[in-house]
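What follows is a set of notes on a single structure, which appears directly below.
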Amino acid sequence: MEINKLGEGKIIDLIHSKVLITNPKIVAGIGDDAAVIEAGDHYEIITTDMLVEGVHFSMDFTDAYHLGRKSLAVNLSDIAAMGGEPLYYLVSISLPGHTKVQFVEDFYQGMQDLALTHGAHLIGGDTVGAENKIAIAITVTGQVKKDEIIFRRGANPGDLVYVSGFLGDSAAGLKIMLAGLRGQLAPEIESYLIKRHIAPEPRLELGRILAINRLASALNDVSDGLVKKVWEIAISSQVAIKINPAAMPISAQLGKFSSQLNVPAIDFALQGGEDYELLFTVPPEQEARLAKYQLPVKKIGQVVARAKQGEVCDLDGHALYDEGFKHF
Ligand code: ADP
Ligand code: MG
């Protein structure tokens, strides 16, 4: 059988099933945004993400600086999704021989500018030549206090579901570039949406606020579409989750994009990927405390029952996500 019949989730399940020997220091291995390792009075967090030219990015739609920045941002987002703070990163990159030296300088500048705002430091990596495509694999380490960590698996029935920022902007920005829609919208709307795609902000500060104040029971970053990420919390926590599509936080810019191009903003918010916002569940008794922080977050649903594990549906009970949804 070929891997595209299985899909990404099932391949990871297969790999997971091969992990026969474990070590008591591994608090979380495969199955969360990052691995969590026992380290005395705190936990170490380690995560890796890979970006391949033609799959995750095209040099027609970004530049070396923003590619470097985003490659690190997606990894920092997984540290944020554990409530942690980043420490170090390693960068492995394969580059075709015709790559300009300036590309390398700009790529590393983009990473460094983002890294320094979050206190992360480059400590190594690997460089190899490639036939024709660029591939980037970054590993980030971080740390979090033991009583502050937030896993995907902590949601309980009755908890409320929240998301930060706006959803769907990044997918709209990508659509503008892919479908050749440049020039059809007001320049400030076009540049906002494209920026949301090529320069996502990892929500590390928000992750820390949730962690330090123990406001969230489960946490995930919205790297793929929202509904898939809700499903990941539901399946890890063995609960079902109801989402209110009408409550999706949609930016004014996505609203304009949607009305001018006659495409439903809600589809971008629910299914679009790469917003790198934080999705989290809040125990009802913590809601009043959360509100006091006046964070840019919005309530979008509720954890309902343990009966149908992993189910993600709207308020009328219609399914919003099924596992076979995304294939290779
Ligand atoms: P995220 O979207 O948060 O980056 P992924 O969906 O990429 O997470 O991965 C889900 C889980 O599966 C993570 O714990 C990740 O470390 C693990 N994983 C993904 N690919 C592999 C692989 N090839 N080998 C081992 N573990 C993997
Ligand atoms: Mg993640």
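A short reminder: the numbers here are calculations on the coordinates, not readings from a lab. Keep in mind the model is a prediction, meaning the values are calculated, not measured. Here Cβ is always computed from backbone atoms with ideal geometry, including for glycine, and neighbour counts include all displayed protein chains.
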Phi-derived 3J(HN,Hα) across region 100-112 with the Karplus relation (6.51, -1.76, 1.60, θ = phi - 60°), rounded Hz, x for Gly and Pro, is 6, 4, 4, 4, 5, 4, 5, 4, 6, 5, x, 5, 5
Give me the distance between the Cα centres of region 203-273 and region 104-127, rounded to whole Å.
28
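Work through the residues other than N262 whose Cβ is under 15 Å from its Cβ and net out their charges, Lys, Arg +1 and Asp, Glu -1.
Working: positive: K175, K256; negative: D267.
After counting each charged neighbour, the total is +1.
Mind checking region 1-64 for GluC sites (Glu not before Pro) that DSSP puts in a loop (not H, G, I, E or B) and that have at most 14 other Cβ atoms within 10 Å? Write out the running numbers ahead of the final one.
Working: sites: E2, E8, E38, E44, E53; in loops: E2.
Here the GluC sites (Glu not before Pro) that fit, given the DSSP loop and packing criteria, are E2.
Translational D (Stokes-Einstein, µm²/s) of region 1-149 at 10 °C and 1.306 mPa s when Rh comes from the Kirkwood sum over C-alpha pairs?
Details: Rh = 16.7 Å.
Approximately 95 µm²/s, per Stokes-Einstein.
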What percentages, rounded to whole numbers, describe P(r) for the chain computed over all alpha carbon pairs with 20 Å bin width beginning at zero?
31, 61, 9
Go through region 256-262 residue by residue and turn each phi into a ³J(HN,Hα) via Karplus (6.51, -1.76, 1.60, θ = phi - 60°); whole Hz please, and just put x for glycine and proline.
5, 3, 5, 6, 6, 9, 6
Report the equivalent ellipsoid semi-axes for region 14-72 in whole Å, largest first, defined as the square roots of five times the eigenvalues of the gyration tensor built from alpha carbon atoms.
32, 16, 6
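Just in region 239-311: which trypsin sites (Lys or Arg not before Pro) are loop by DSSP and have at most 16 other Cβ atoms within 10 Å? All intermediate terms of the calculation are to be shown ahead of the outcome.
Working: sites: K242, K256, R289, K292, K298, K299, R306, K308; in loops: R306, K308.
Passing sites in region 239-311 are R306, K308.
First measure r as the distance between the Cβ atoms of V19 and A186, then evaluate 1/(1 + (r/R0)^6) with R0 = 41 Å and state the FRET efficiency to the nearest 0.05. Numbers along the way, then the final one.
Details: r = 51 Å, r/R0 = 1.25.
Approximately 0.20, to the nearest 0.05.
What does the extension gain come out to for K195 and L178, with contour length at 0.36 nm per residue minus their alpha carbon separation?
Roughly 4.7 nm would be gained on extension.
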Scan around A218 for amide H atoms under 5 Å from its own, H built in the peptide plane at 1.01 Å from N, and keep only partners 5 or more places away or cross-chain.
T281
Here region 216-221 yields Karplus 3J(HN,Hα) values (6.51, -1.76, 1.60; θ = phi - 60°; whole Hz; Gly and Pro given as x) of 10, 9, 8, 8, 8, 9
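So if we plug the beta-carbon distance of T117 and N156 into 1/(1 + (r/R0)^6) with R0 = 45 Å, what FRET efficiency do we get, rounded to 0.05? Working shown, then result.
Values: r = 34 Å, r/R0 = 0.76.
Using R0 = 45 Å, I get an efficiency of 0.85.
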Rounded, prolate or oblate: pick one for region 194-328, where a ≥ b ≥ c are the square roots of the eigenvalues of its C-alpha gyration tensor, a/c under 1.5 means rounded, and failing that, prolate if a/b is larger than b/c, else oblate.
oblate
Could you calculate the contour length gain from N244 to M59, that is, 0.36 nm times the residue separation minus the distance between their Cα atoms, to one decimal place in nm?
62.9 nm
